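Enquirer: Before I ask anything, here is the structure I am working with.
What follows is calculated from the coordinates using simple rules that are stated; it is not laboratory data. Note that the structure is a prediction, hence the values are computed from the model and not measured. Neighbour counts are summed over all protein chains in view; Cβ atoms, including those assigned to glycine, are modelled from backbone coordinates with ideal geometry.
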Amino acid sequence: MNASNVSIRHRIAVAILGAAIALAVAPFMSATFSDQVALQPLAGKDSNPLLTATFEKVTAGENKGGYVMHVKNDYDHAVTVIAMIVPSVTFHANAKTRTLPEKTIEAGKIWTVADLAAGDKITLTPGPHERTVWAPLIFTVP
């Protein structure tokens, strides 16, 4: 085989590859912004979970200067939640996250999460056996 045969084969291979890529990408290139599908909530997921959180600064006691989060259940039934806290400031010897045990909040009741600091991020997720399915809620301590 000489150099010209390799060069021709190389050019043919590149041309075929380019055509294949063009055919694969062409349908996406012709779509306009108005053709895009609007995002829909996941089927079976509650788009507006009835859990609300408020924060309160502790003014007295052992945790003075810290924060507590009050999570209110506005559902008409009890919900089970798991809270994961990502501290805003960590010490290298401590865990990077703190996961609280599964908690059942009765309808209309409030669950208080203590020992929080400004900037901490709290993620609430439904428990593994929760009958009401909702997307995780993320809160940041003010």
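Enquirer: Could you pull out every residue, at least 5 positions away or on a different chain, whose amide H is within less than 5 Å of the one on Y75? Hs are placed 1.01 Å off N in the peptide plane, and Pro or chain starts have none.
Expert: G108
Enquirer: Once the Cβ-Cβ distance between A93 and D115 is put in as r, and R0 is 25 Å, what FRET efficiency do you end up with, to the nearest 0.05?
Expert: Efficiency, rounded to the nearest 0.05: 0.90.
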